[in-house]
Amino acid sequence: MLSQAHALKALCGNIVRAGPGHQLECEVWHQQGCVSHRFDILGKHLCKSYVRLTSIVARISNDTEEGKQHAVLANAHLDSTLPSSGAATDSLSAGILLEAANTLVRTSHWSSTHTLVLL
């Protein structure tokens, strides 16, 4: 997913270079961390740990401060439990978010009034 987010950012840069005056900015952040938590279920203690938990944030804006004042958040997640590969969880919705962003960016004469944040 990270490589697709960076491809979206590169696409934005190419569109801006090809069409001077086109107000478009795509930014990508990648965050990684580890976390664990404990909860009680049916009288038993269960501890779960997540290693290299990853979040990817992409922001599409019209590259103005006014355009960044308000935002629409579109959120999806991809997760899995061992030994699952995670393909049956929300990887589909994460892919759809990236494809929708690609379609918007490629649409001629499209300009965002507000920022679109993909998480």
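The values are calculated or read from the model by the stated rules, or taken from the named source; none is laboratory data. Please read these numbers as outputs of a predicted model, since none were measured by experiment. In this analysis, Cβ positions are derived from the backbone assuming ideal geometry, glycine residues included, and neighbour counts consider all displayed protein chains. Side chains are part of the model used for accessible areas, which takes the heavy atoms of the whole protein and leaves out ligands, DNA and RNA. Shrake-Rupley method; radii C 1.70, N 1.55, O 1.52, S 1.80 Å.
List of remarks:
- Additional length obtainable on full extension of the chain from Tyr50 to Glu99, 0.36 nm per residue less Cα span: 14.9 nm
- Nearest-10 value in Å² for the accessible area of Ile56, using the 1.4 Å probe: 40 Å²
- Using only Cα coordinates, the Kirkwood hydrodynamic radius of the stretch 1-57 works out to 14.5 Å.
- Surface composition of the chain: carbon and sulfur make up 57 percent of the accessible area, probe 1.4 Å.
- A straight chain from Ser108 to Asp40 at 0.36 nm per residue would run longer than the Cα-Cα distance by 19.2 nm.
- Gyration tensor over alpha-carbon atoms, the chain, equivalent ellipsoid semi-axes in Å: 35, 15, 12
- Per residue, the chain exposes 69 Å² of accessible surface when a 1.4 Å probe is rolled over the protein heavy atoms with every protein chain present.
- Isolated cysteines in the chain, defined as those with no second cysteine Cβ under 4.7 Å, comprise Cys34, Cys47.
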